[in-house]
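Each remark here refers to the structure printed beneath this line.
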Amino acid sequence: MAQALFQSSFLACSDLSSNSSNGSDVFGSQLRSPEIDKSQLRFLGCYKRNPTLRLKALMESPGLAQDTVEDKPKVAKMTKEVPDHFKELKHRFLSFKKDKYLSNLEHYKGLAEAQVPKFMVIACADSRVCPSSILGFQPGEAFVVRNVANLVPPHENGPTETNAALEFAVNSLEVENVLVVGHSCCGGIKALMSLEDEIVSSSFIRNWVIAGKPARLQTKAVASDLNFDQQCRHCEKESINRSLMNLLTYPWIEERVIRGKLSIHGGYYDFTDCTFEKWTLDYKGSTMKSESSCSIKNREFWA
């Protein structure tokens, strides 16, 4: 139909047939001739001057108009199929307000005035490792900071959000316990174990996990006969102990530990079989003079 329409249009607009051979050559290549351009312009002029021709084209070519009309419903349908993640969060919040907040209104009013947590928790940012869910912390019980691989950098490394949170929790809130929680299958530890010392990188992840380099070196020294995954598992626990020792590099933390006002603990959550190990740093048995100087006590295994 479209071909017939174009043929009749050429006849109505006079001598366009003389350029037909040139047209086939042009459409077979990427070149265009001035004659073809002039022919197309004459055709378009004829088309614009002929309302009957325009109406016929619209009546006999409904596909384009139909596609255009149907575009909007398709877009609307796609928009409706996008999941609303906040709808579920809203439901959870309103359930919390009804079942917990309003049922314990006096407790939450007290928390609005002040917080007196007994724990400072340093955990991994991994979405599978939520300290409140795993250990059952209720609002007001734990001051929590989460970062990649639950690392505590030494005091000499300078300010980070982790030691800023530590400063507030220890000096202002006067927490009685600092608990560093590591976990199985940690991507941050895998990144640490994959580091190549000679490579200089602008990666934020690399520049953060490098704080755990002593744990990596210790793991390579004692677990070189293990495969990579086993080395990572070893380092997941070793890095916790390195972080416990790093805590003692902060004078205001060590001072409270010496006075018996603060205890430092490590924890390891294995989400492959849902077990938890807990231990406490033995300050008297630990020393900063060597890399393998961390001494622990009160080790427990919860299964």
Ordering I253, I296 from largest to smallest accessible area (1.4 angstrom probe), what's the sequence?
I296, I253
Can you give me the pair-distance distribution of region 115-239, C-alpha pairs, 10 Å bins, whole percents?
13, 40, 32, 13, 2
Here the gain from full extension of L111 to V200, 0.36 nm per residue of separation minus their alpha-carbon distance, amounts to 27.4 nm
For K261 and A223 in one chain, what is 0.36 nm times their gap in residues minus the Cα-Cα distance, to one decimal in nm?
10.1 nm
To the nearest 10 square angstrom, how much accessible area does S286 have with a 1.4 angstrom probe?
20
Could you pull out the pairs from K100/K237; K90/K190; K90/K237; K118/K297; K90/K118 whose alpha carbons sit more than 26 Å apart here?
K100/K237; K90/K190; K90/K237; K90/K118
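The values are calculated or read from the model by the stated rules, or taken from the named source; none is laboratory data. A quick note: this is a predicted structure, and the numbers were derived from the prediction, not measured. For accessibility, only protein heavy atoms count, side chains too; no ligands or nucleic acids. Shrake-Rupley method; radii C 1.70, N 1.55, O 1.52, S 1.80 Å.
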